[in-house]
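Data first, discussion second: the structure below is written as structure tokens.
The values are calculated or read from the model by the stated rules, or taken from the named source; none is laboratory data. Note that this is a predicted model, so its numbers are computed, not measured. Reconstructed Cβ throughout: ideal geometry from the backbone, glycine too, with neighbour counts over all protein chains shown. Each accessible area value is taken on the protein alone, full model and side chains, heavy atoms only, with ligands, DNA and RNA left out. Shrake-Rupley method; radii C 1.70, N 1.55, O 1.52, S 1.80 Å.
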Amino acid sequence: MSTYARPASVEEALELLTRDGAAVLAGGTDLAGQIDRGIRSPSLLVDLQDAGLAGITADGEGVRIGATTTLSELAGSELLAPYAAVATAAGLAASPLLRNQGTVGGNLCQHTRCWYYRGEEWTCWLGGGDTCYAQIGDHRKHNLEEGDCISAHPSDLAPALAVSGATVVVRSAEGERELPLLELYRRPTEDNRSLVTLAVGELVVAVRLPAPPEASIYLRTGERQAFSFPLVSVAAARTGDTITLAAAGVANIPRSLDPADALAGLPGHPQSAWKRTVLSTLVERATAGLETA
């Protein structure tokens with residue numbers, strides 16, 4: 001049974017998160033599923049709804065987005081209109097119900113949807129076991145990289161924010177740091193299976209966007225239009241003659257792509273190689289779309 005706390009400030013939340021067994025509760029759309037499946041068993045739920053981390057505000061030539069801002073608020077914000085890729089990604093994530101509840105920070109830090117990781121009957125490599133069951137089983141929807149884990153990252157927001165030049169503001173009781181969005185993520189290793197670079201007690205408190213690119217676009221493919229995580233998604237942005245690309249669904253973590261060779265480092269696996277064709281097609285359509293955006 002978990003203890004519940006609803007701190008009235010970021011400082012109070014950060015103090016609570018230093019306690020053993022503490023877990024962040026924002027929208028709860030991912031955490032609830034993890035608890036239900038036995039992936040996590042927190043002894044303390046730290047609800048951030050009253051901690052003052054919501055809202056979208058002008059920030060110089062850019063925008064600051066609080067971590068507990070909902071996806072629906074992000075999709076409908078006039079301040080985000082110049083960031084077409086971000087607004088589109090927020091509006092496509094999950095379903096209307098989940099967008100009303102799910103938060104920016106939660107979407108960025110969510111766990112993989114791999115059915116072996118989520119399944120109660122397995123303890124896969126990423127979950128602390130010895131075997132990536134996807135590599136010896138069904139991996140049609142998994143990633144294109146080689147490695148100990150071939151799960152696929154499911155965030156719609158991450159690639160769209162990345163190509164828009166976003167940084168992430170991270171706080172702990174010891175202070176604050178800011179890092180480029182893609183540096184929030186890491187590939188898992190034998191001694192650290194986490195997919196994010198957050199230390200114990202650290203909390204994503206905001207995302208900052210610089211001045212918007214001249215054009216940006218977000219495209220995804222999924223099994224259905226509503227309530228579907230992206231199987232492959234691509235975000236593209238153009239500023240002057242420079243095009244920036246990022247993708248999700250093709251690696252453990254969101255990753256940047258080389259515009260000259262978007263498939264570099266993504267060989268695929270026997271059942272997931274179809275994603276190479278989808279990725280190539282989405283990159284072609286996204287870059288073409290930048291010319292008319």
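Taking the criterion of being open to solvent by 40 Å² or more (accessible area, probe 1.4 Å) and of a type in the set (Val, Ile, Thr), the residues of the stretch 170-216 that qualify are Thr189, Thr197, Val200.
Listed conditions (1) under 27 Å from Thr287 (Cα atoms); (2) open to solvent by 20 Å² or more (accessible area, probe 1.4 Å); (3) touching a Phe, Trp or Tyr at 6+ places or on another chain (Cβ under 8 Å); (4) modelled with pLDDT under 95 are all met by Trp122, apart from (1). When the helices (runs of 4 or more DSSP H) confined to the stretch 1-92 are screened for residues that are closer than 30 Å to Ala286 by Cα and open to solvent by less than 60 Å² (accessible area, probe 1.4 Å), those reaching at least 1 such residues are found at 71-76, 84-92.
Total residues in the stretch 241-286 satisfying the condition of being open to solvent by less than 70 Å² (accessible area, probe 1.4 Å) and at pLDDT below 95: the figure is 1. Among Gly127, Gly105, which is touching a residue at least 40 places away in the same chain (Cβ under 8 Å) and closer than 22 Å to Ala162 by Cα? Gly105 is the lone residue from the list that is touching a residue at least 40 places away in the same chain (Cβ under 8 Å) and closer than 22 Å to Ala162 by Cα.
With respect to the conditions (1) at pLDDT 95 or above; (2) open to solvent by less than 10 Å² (accessible area, probe 1.4 Å), Ser228 falls short on a single one, namely (1).
Here Arg187 meets the list (1) in contact (Cβ under 8 Å) with a residue 12 or more places away in the chain; (2) among the basic types (Lys, Arg); (3) touching a strand residue (DSSP E or B) at 6+ places or on another chain (Cβ under 7 Å) almost entirely, failing just condition (3). With respect to the conditions (1) under 16 Å from the mean Cα position of the chain (by Cα); (2) closer than 22 Å to Gln49 by Cβ, Ala173 lacks only one, and its number is (1).
The C-beta contact set for the stretch 60-71 (first residue of a type in the set (Asp, Glu), second residue surrounded by fewer than 23 Cβ atoms within 10 Å (Cβ to Cβ), distance under 9 angstrom, 6+ apart or interchain) comprises Glu61/Pro210; Glu61/Ala211; Glu61/Pro212.
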